[in-house]
Structure formats: C-alpha cells, structure tokens
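Here, each number is a calculation from the coordinates, and none is a lab measurement. Everything numeric in this text was worked out from a predicted model, so none of it was measured. Positions of Cβ are backbone-derived with ideal geometry, glycine not excepted, and every protein chain shown enters the neighbour counts.
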Amino acid sequence: MTSANAAPAARDDEGAMTGGASSAPVIQALNLSKVYPGRDGHAPVTAIEDVSFDVRPRKFTVFLGPSGCGKSTTLHMIGGFEQPTGGSLLLKGEPIRGPGPDRGIVFQDFVLFPWRTVLANIAFGLEMLKRFDRAEIKARAERYVEHLGLAGFANAYPATLSGGMKQRVAIARTLATQPEFILMDEPFASLDAQTRDRLIVDLSAIASENDTTFLFVTHDVREAIRLADRIVVFSPRPARIVEFLDITLPRPRDAYGPGVLEVERYLRSLIGKSAES
Amino acid sequence: MAAARAGDVRARRVPSRNAVIGAASICACLLLWQALAASGAISSVVLPGPLDLVGQFHYAVGRGSNPPYQLEGDILRTLARLIGGFGVAVLFAVPLGIAAALSRPLALLVMPFVSVLMAIPALAVVPILMLVTGIGDATDFTVVVVTASVPIVVYVYDGVRMIDRKYFWTASSFATSRMDLFRHVIVPATAVPVLSGFRMGMGYAWRSLIATESLTALTGGLGYTIFQASQFFDTRTIYLYMVVIALLGFAIESAFRAAETKTAVRWGTLSSGKR
Amino acid sequence: MMPALATPHARTRLTEVLERYSSLWVVLIACAVWQAAVATGLLHNPAVPAPGAVLASLYRGMLERGHILLFATLGTVLRLLLGYAIAVVFGGALGILAGRHPDFGAAVNPIVALWIPLPAIVTIPVLSLWIGTGEAVIVLTVIFSAWIPVYLGALQGTRSISVHQLWVMRSYRASAWREMRKVILPGAFVNMIPSLRVGMGYAWRAVIAAEIIVQHGRGLGITIFAARQFFDVPTMYAGVATIALLGLALDHLVFPALERVTIRRWGLAS
C-alpha cells in the first residue's frame, strides 16, 4: 500500500544528506561523548559514546531510542545545559558555549512557572527580550494562547491545568520568541494516549507553519514516525547511532496511515537488534 | 494510588463535629477551672479563677494600673524588640541565604557556623552576651536577631538549592539576565520556603525573647513582668500574663502561617524534583 | 550567565574530601584565626577569651578537681532524659489515643492548640509557686515543652497507619491488645521518629533555659550562670561548647542511628 511516487523512508548510514535540495547542516556532532564522573565511590557513567550526526535546518529531527540511552543528554548538550566530555558539537560552525535564546526548550515535566498565569508564562520569553512594550507582549502572548488552543485559560494558574494543557503552554512559551531551534525532551511522555495524539497532530501543523528547526527526543516509535523528517536512532546506553532514517511520507501522518506501519516494523526490528547486541 | 489510610475514613466526618467537640471541651475546662477556684478547695492566691483573671486584666490596662498602662506597655515593649530584631534578621539573613545557595565557597564558609548555632539554645549564650551588651534592650534585641536569623538562613538556603535546575535551564533559554533570573525565578520560587523560614524564625525569636526578658529587661516587657510578679507572689499577674503570652504567640504564628498557606495555595509549591 | 547550580562541578579527590568534612575544617580554621587574634592582641574584649583558655577550662572542669563540668553535664543530661522520657510516654499515649478515637482527638485539639504558643519557660513562675524551686520545676518544664511535638507525631503516625493492616489483624480475630502491639505501636512509632527528634530539640532548649532561670542543683546552665558571677569567662564558653557538642551529638549521631535501626531495618523508609 505504499504510494507509488516515493519510498516511505530512505536509509542513510552516514548521516550525510541524501538527495533533496536543503542547505548545509546547521548542527554537527562528531565523535561526541559524555561521561559522568563517579560519585561516592561509584564507577563513572558513560551516557553516550562516539556519536556523530548532522541536523539540517528547518527540518524536524527526532532522536529515537530506548529509555535512558543518552538521547536526552545529547539534546541537553545541544541546548548548552551540559557540556560534552569528548568530541565536538558545532552550531553553525561554532562550538556550543551555553544556553541561548536561539534554542528554546520544552521538557517532559512542563517546567511552567507556577507563580505566573498561562498568559504570563507564555509572555516570559518576550519579557526577557526587552524588545517590546507591555501591550505588544500581551498581544503576542494572546495570539499564542489562541493558536495553541488555550482560549479561556489565559488567566489560569498552571496548578489548575491538565497535563496536556500545561504542555501546550510550554510549547506556546517557547514558540512566542520565535527561536531558531526548538528542543523537545520527551514532551508527550507523561500524557495520556488521547492527549498525546492531539498534541502530535497540533505539533505537526505548527512545525509545517514555521521555519523553526525542531529537535525532538522520544522512545515512542510511532510518535517519531508521525513527526519526523528524519529519525536518528540511538542504541541503548552507552549510546551510539544505529541508523539515520529520512521519512518522506506525506503529511499529515495518521497513526495507522499508509507507510507508517511499514516503517514502524522496520524500526522496531532495528531497535530490537541493537538491544540484543 | 496511595493505600487507604485509617485517617481517610475519619476524614469523612463532618468538620463541624470536631469544632463543636472542641468548643465544648474548652468550655468544660473553663467551667471546671472556675468551679475549683470558687470552691475554695485551692487558695485563690495559688489558683485564681478565670473571672479573677478578667478582673486582673481590667486592672492591668489603662491609667489605673501601677505603673499606668502596664499591660499595654509591656506588650508594646516586647513587640517592639521582636519586630525590630526580626526586621534586622530578615534584611541580613535572606540575602545571606541566597548568596550561600548560589556560591559554593560562601556556603562552605557560612553554613557550618549556622549548623553550630542551631545546636546552641539561645539562652545558653545570653549570660555571655550580657557581658558585652549589658542588661538592657540591646541584649534582647541581639537575641532576637540571632535566633531569627539562623532558621531563616537555613530555609532560604534550602529553598534556593531545591529549585529544580530545569527552571534555570528554561530561563536561560530566553536571554534572561542575571538580574532577571533573580527577580523572576529565584524570588518567586523561594517565596514559600522563605515564608516558612520566617515563621520558624519568629517562633524561635518569640520564645527566646520572653526568656531573655526574664533575665535582662530594665524597662519592662512581658517576660520581665511575669518573672518579677513571681518574686512578689503576684499570682494574678502571672496567670494573666501567661494567657496574654500564649494568645499573642498564637496570633503571630497564625498570621505567618496564613501568609505561607495563601502563597502556597495560589502559586503551588515548586516541586523539588531531582537535580 | 548561569548560576553555579546548573552546571556540575568538576570534582577531584581532594575537593571531595574537603567537602565531606567541610564543616569541621571551617570551624577549626575559625578557631585558629580566633586564637591568633587574641594572642596577638588584635582582639582584646574581656568577654572573648582565647580558645586555648576555653579548652583549658573545659579540661579542668571535666577531668580535674571536682569534675565540675562533668557533673554539671550529667545533671543536665539526667534531667533531660527523665523529662523527655515522660513527655514521650505521655505525649505518645495521648497521640495514639487521639488518633484512634477522633472524638477524643477533637476534644484535646483546642487545648493543644493553645498550649503550642506558650513558651515552656513561662510556666516556671507558676510551677515555682506550686512546688517551689527545685529539680521538679526543671523536669516539668522539659515535659511541658517536649510533649507537644511527640503528641502531634503520634497522632499523625496513628492516623497514617494503613487501614489494610488493621483489617488483616481483624480478620485474624486478634485481640485489641495484640492489634495495638503488632500494628499500631510500630506503625505509629516509625512515623513518629521525626517528631521525636523535634521533641528532643525542644527538650534540650527547655532544660538549658530552665536551668539558667531556676539555678538549682548541678547543671550546665547553672554552671554558666554561676561562672558569670565570678567573671570566669572561659568556663562560660566551656559550658556553651559542651552544650553545643551534646546537642550536635544528639541530633547527628543518636537520631540517625535510631532511624537506621528502626526504619531501615523494618523496611519502612518513606
């Protein structure tokens, strides 16, 4: 049932570009490794080992792998929150020195500021920019309230919101400042299946409307297939890259749409094999 | 899902039932007390009844008492020392706690002394302090400042350190300056622990102040008067002041607790999470 | 731009050792600085003796002549333990009772609420009136001070016993006494340990404060106050140091050990 015009996925073992126009990679990791020093007599922990990949601009890249394999660590290093212990990680040719407003972050546990309303949370980044006056900030924030389906909750406090709503606020907050990159660390992992489904659909739409480069971490294979332009498959810890997979299925991608099941089957066998080795 | 607790079943009790029983209990105690005192079984010098205390209250307030406005004066003096000292403690301890939380070298320098101070009951140091600051207000004031500062530093320090680093990470992904980080993340995130610290500090300061007043105050105060009264066997004053001290302490504690709870309810306490 | 919290520190072996005993190092260094300041004459307040003099006083008081400090310590500790034990039994029993019988709890509650804001030392004038000065006044002050946290802890602990455990006992038709012994007391006790610790803190403060005010018999508070009259400042400091050390030992050694023995052994860690 695969469509005649394009293969659903193109395998790419070297992480380099395959066909297609696009531009030069905007993030480059080469032999990246991260070792956590041992504490209280424990042995040091190697989170990732010899990981190399490229990230292309304006594409949706997904880091896929089993839980605890170091993909989150990689994302944190791209965000500048943690530093690699080996190898190089370049952002537009420069090593990453720390966090910055060019890379927004969305966490699994939302990390909303509980003392700010929904609107104020969304406005946080805009306030920090010190570029707009109050009215403008309010207007922009309100726009995102609408856009993320939070109408009517603008003045609610995060404690009163459901998980799905909270994550919408978190996404709106990150989107509001239009960063070049949006990093997402298993954002839907603590949500129930229905909420997750809705958010995947909404996120896909947002991604296609924006020029932002998305970096998304997950252990859920189907989620990865539905969202990604490209999947970077991680092995269990100490993580290495198992494979790169470009997904060219047409959007929007339903969970059981054409091609998705095939890719899923392939990925599962891949992950299964890497778990055994 | 937490296992069912024995207390859960009881929680279904109507809360007003507890209130009624509580009120009845207090009334019963008061009646018993009055009956004992009135019956003459115990000398009214040793145990004045509640009505006697009400009379004493009327005597101790206003121009008629000796000295005039005795009760008011004592309350004001004690509160002045308390509030003044507490204010100084807050101005000093809160920045110290925050600075120690953000700077490891400072923490290593300061926190050990704080731990030692926590272990020393305030009154043990008062005799030494009196050598330096004499027997007047200065000693009372210093005692309040020190006893309030110690828990405040600890709570503020813990409060800042408990902030999940993801809040800092999130803020730093938004061009947040250091100043803004402080104003917009650290201060609100620590509001509830800081208020807890204030409550603890106030509690310690209150107890220590009353005790210190009994040893020092030249010019009155609740602690001073109550111990003076015991030397003159003025039992009515003793009992009256006991009640006043308890009620005042209760009011202060309730006020702080209310502030803390209101803030926690509205903002939700920050989950401490793994760092 | 980021506060030091957010990035992990580079740790070397040396840093780790320093950090572990950091409190100790800092206090020792501070004492050394203090000693130097007094010895060189930089610090010459009569109220601040050199640490050396304090140590000498401590040594003398503990090991020489009449062992004044030693007996004072014993006196204080005995009063403390007696008062504390009674407070624990009384407060604990009352708390368990209040937990099991909510009506009783509701009746006792307002009395407790009014008792809490009353500093225990304020009861000393009344106690002195009733029983004169003496040991009993000090011990009673300790009891008055320590029973509240113990009561609250027992109450809370009893309430939080899983109702399923009780049902299991009932299904075995265990007698009420058996039920008490096997389920309630251990359950309440384990949950009570933090409040036992708090209660000990209260008791400690109370015994010292009471000794300083009442000044009867032998005790650390009494020694400190007496030393003041002779301007024997080093002894005052020695007394305070002993108090601090005892307090720290109680809090950092005794209670964690207690927790280890009970909670961890019984596998009830929260």
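Key figures
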| read-out | value |
| --- | --- |
| Packing-based exposure ordering (other Cβ within 10 Å, fewest first) of B:MET111, A:MET184 | B:MET111, A:MET184 |
| Selection from B:THR263, B:PHE250, B:VAL114 lying farthest towards where the dipole of region B:57-267 points positive, charges on Cβ | B:THR263 |
| Cut-off under 5 Å, modelled amide H: who pairs with A:ASN210 long-range | none |
| Span-like helix ranges in chain B, DSSP H, alpha carbon extent 20 angstrom or more, Kyte mean at least 0.5 | B:15-39, B:70-102, B:104-119, B:137-161, B:191-215, B:235-267 |
| Cα convex hull volume per residue for region A:117-161 (Å³) | 63 Å³ |
| For chain B, the longest site-free run once chymotrypsin sites (Phe, Trp or Tyr not before Pro) in DSSP loop states with at most 16 other Cβ atoms within 10 Å are removed | B:70-231 |
| Gain in span if fully extended, C:HIS67 to C:LEU97, counting 0.36 nm per residue against the direct Cα distance | 6.3 nm |
| Cα-based convex hull, chain B, per residue volume (Å³, whole number) | 198 Å³ |
| Rounded to the nearest 20 debye, dipole of the protein assembly as shown from Cβ charges on Lys, Arg, Asp, Glu | 1180 debye |
| A:ARG251-B:GLN231 pseudo-label distance in nm [points 7 Å out on the Cα-to-Cβ vector] | 8.6 nm |
| Considering only chain A, percent of DSSP beta bridges that pair antiparallel, nearest 5 | 55 percent |
| Most positive-pole-ward Cα, A:LEU191, C:PRO46, B:ALA175, against dipole of the protein assembly as shown from beta carbon charges | A:LEU191 |
| For C:107-116, mean number of other protein chain Cβ atoms within 10 Å | 5 |
| Assigned charges on the beta-carbon of Lys, Arg, Asp, Glu; region B:57-267 dipole about Cα centre (debye) | 640 debye |
| Distribution of pairwise C-alpha distances over chain A, 5 Å bins, in % | 1, 6, 12, 16, 18, 16, 13, 9, 6, 2, 0, 0 |
| Mean separation of Cα contacts under 8 Å, 6 or more apart, over the residue count of chain A: relative contact order % | 28 percent |
| Order of C:HIS44, A:HIS76 under a 10 Å beta carbon neighbour criterion, fewest first | C:HIS44, A:HIS76 |
| Span from the region A:69-91 Cα centroid across to the region B:102-155 one, whole angstrom | 45 Å |
| Selection from A:ILE225, A:PHE60, A:LEU245 lying farthest towards where the dipole of chain A points positive, charges on Cβ | A:PHE60 |
| Nonlocal amide H pairs with A:PHE234, under 5 Å, H built at 1.01 Å | A:LEU64, A:GLY65, A:VAL242 |
| For the protein assembly as shown, share of DSSP beta bridges that run antiparallel, in % to the nearest 5 | 55 percent |
| Rel. contact order, % - alpha carbon contacts under 8 angstrom, at least six apart, chain B | 22 percent |
| Formal net charge of residues neighbouring C:VAL254 (Cβ-Cβ distance under 12 Å; K, R +1; D, E -1) | 0 |
| Neighbour-count ranking [beta-carbon atoms within 10 angstrom, fewest first] of A:ARG230, A:ARG56 | A:ARG56, A:ARG230 |
| Size of charge dipole - region C:58-266 - debye, nearest 20, with Cβ of Lys, Arg +1 and Asp, Glu -1, no other charges | 740 debye |
| Most mobile of A:PRO179, A:PRO236, A:PRO44 in a GNM of chain A (Cα contacts under 10 Å) | A:PRO44 |
| Across A:LYS92/A:LYS166; A:LYS166/B:LYS262; A:LYS71/A:LYS138; A:LYS71/B:LYS166; A:LYS59/A:LYS130; A:LYS92/A:LYS138, pairs whose alpha-carbon gap is larger than 26 Å | A:LYS92/A:LYS166; A:LYS71/A:LYS138; A:LYS59/A:LYS130; A:LYS92/A:LYS138 |
| Calculated from backbone phi, Karplus (6.51, -1.76, 1.60) coupling profile of region A:216-224 in Hz, x at Gly/Pro | 10, 10, 7, 10, 8, 4, 5, 4, 4 |
| Reciprocal of mean inverse Cα separation for the protein assembly as shown (Kirkwood radius, Å) | 31.4 Å |
| At R0 = 56 Å, FRET efficiency that the Cβ-Cβ distance of B:ALA251 and A:THR85 yields, to 0.05 | 0.45 |
